[in-house]
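K.L.:
Handing you this structure, nothing more for now.
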Amino acid sequence: MAENDIILHHYPRSPFAEKVRLALGFKGLSWLAVEQPRVAPKPGLTALTGGYRRIPVMQVGADIYCDTRCILRELERRHPSPTIFPAESAGRAEMLASWADHYLFADALGLVFGLHGDRFPPELHADRARFTAGKYDRWDSVRMKARVPDLRAQFAIHLALLEQALDNGHAYLAGAALSVADLAAYHPLWYARGNLGDEAGLDAYPNIMAWLARLDAIGHGAPHELAPGAALMIARDAGPAAVPPPSDIGTFRIGMRLTLTPDDWGFDPVEGELVAIDRDSIAIRRDDALIGTVHVHFPREGFTIRPAIGQ
Ligand SMILES: N[C@@H](CCC(=O)N[C@@H](CS)C(=O)NCC(=O)O)C(=O)O
């Protein structure tokens, strides 16, 4: 194992993890796969992040990257070719990705839970109800079942938009080259198809079917299993990488204590000392009794960033 190895904390059925696995495959990378539980508590993960429990999380030594937006940017920085941020769709691809990660994903998840919520164990329902703090029908299959006709209609609207957008004379959603828009639109459909089969109704959309087949062929690169405890030891034995000078710092100060909390679901705050910031990303330092010093990186978009109490 080398200190620059990419470690992905995931579980096989996670759609957001699939978004990153596909990026790893597209870039032809080999990586270490740590399987984490689907429900909290996740001690082998939160020891690294300081409380963030969402999946996936990427780790390189003592640098921990939370949220697929941050993970994909960091993957691109470390392995720029082939790019997942082509210049032809810069900005536009991220906007499309944001639509897919929220609307398309919420529709797909709602439909799966509404139609087949009884396939999932009660502890998963209870965990997701807490996780979403009452939003999205609390991923509660009884309430979602009643909304299946509406959820189907919403899903169909979003599939029709995607079908139209793919009728662009290009192989990919934002243009001739694959981008983060494709990765984000792929994972909710991968999840719907995997859980619902034909009931997902994707066959009615020829552009989507052809595009899905292209993305299915990419694969996951070369994953190798790693035990959660081994990933903690890698963090303990490494130090965080040097950080670039700050930019777009606004009213923040390097060294101030902050909390970062997702603004959509999984509202567990993480606290630490600001070490790096730019327009898109922010990193805090945590000193942990078990694993020593780590830098935990987040996207700025989609997170509430506040001075810690007493700051
Ligand atoms: N915006 C986040 C969303 C991540 C997310 O919601 N992941 C789901 C799994 S696909 C999750 O964490 N669910 C609860 C859990 O696994 O504990 C990202 O892009 O990484």
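K.L.:
Cβ-Cβ below 7 Å, separation at least six or inter-chain, first residue in the range 137-160 and touching a residue at least 40 places away in the same chain (Cβ under 8 Å) and aliphatic (A, V, I, L, M), second surrounded by fewer than 17 Cβ atoms within 10 Å (Cβ to Cβ) and assigned to a helix (DSSP H, G or I): which pairs?
P.N.:
Sorted first by the residue in the range 137-160, then by its partner, the list stays empty.
K.L.:
Still on this structure: Here is a list: Leu258, Leu202. Which entry is out of contact with any helix residue (DSSP H, G or I) (no Cβ under 7 Å at 6 or more places or on another chain) and in contact (Cβ under 8 Å) with a residue 12 or more places away in the chain? Before you say what the answer is, go through the steps one by one.
P.N.:
Values: Leu202 fails: out of contact with any helix residue (DSSP H, G or I) (no Cβ under 7 Å at 6 or more places or on another chain).
Matching residue, one of Leu258, Leu202: Leu258.
K.L.:
Pick out the one residue from Phe16, Phe26 that is hydrophobic (A, V, I, L, M, F, W, C), within 14 Å of the ligand (Cβ to nearest atom) and surrounded by fewer than 24 Cβ atoms within 10 Å (Cβ to Cβ). Lay out the reasoning, then the answer.
P.N.:
Values: Phe26 fails: within 14 Å of the ligand (Cβ to nearest atom).
Result: Phe16 is the single residue among Phe16, Phe26 that is hydrophobic (A, V, I, L, M, F, W, C), within 14 Å of the ligand (Cβ to nearest atom) and surrounded by fewer than 24 Cβ atoms within 10 Å (Cβ to Cβ).
K.L.:
With respect to Ala90, is the statement that it is buried (at least 24 other Cβ atoms within 10 Å of the Cβ), more than 10 Å from the ligand (Cβ to nearest atom) and under 13 Å from Val180 (Cβ atoms) true? Quick ask: steps written out before the conclusion?
P.N.:
Values: buried (at least 24 other Cβ atoms within 10 Å of the Cβ): no; more than 10 Å from the ligand (Cβ to nearest atom): yes; under 13 Å from Val180 (Cβ atoms): yes.
Answer is no for this residue.
K.L.:
So, one more: Only one of these is basic (Lys, Arg), in contact (Cβ under 8 Å) with a residue 24 or more places away in the chain and outside the structural domain of Asp198 (by TED's automatic domain parsing): Arg54, Arg77. Name it.
P.N.:
Answer to the selection: Arg54.
K.L.:
Further question on the same structure: How many residues does the range 281-311 contain that are within 16 Å of the ligand (Cβ to nearest atom), surrounded by 15 or more Cβ atoms within 10 Å (Cβ to Cβ) and either assigned to a loop (DSSP other than H, G, I, E, B) or of a type in the set (D, E, K, R) (or both)?
P.N.:
Within the range 281-311, residues that are within 16 Å of the ligand (Cβ to nearest atom), surrounded by 15 or more Cβ atoms within 10 Å (Cβ to Cβ) and either assigned to a loop (DSSP other than H, G, I, E, B) or of a type in the set (D, E, K, R) (or both) number 2.
K.L.:
Which ones in the range 205-234 are small (Gly, Ala, Ser), surrounded by 15 or more Cβ atoms within 10 Å (Cβ to Cβ) and touching a helix residue (DSSP H, G or I) at 6+ places or on another chain (Cβ under 6 Å)?
P.N.:
Gly221
The values are calculated or read from the model by the stated rules, or taken from the named source; none is laboratory data. Source: prediction; values computed, not measured. Glycine also receives a Cβ, built like all others from the backbone with ideal geometry; neighbour counts cover every protein chain displayed.
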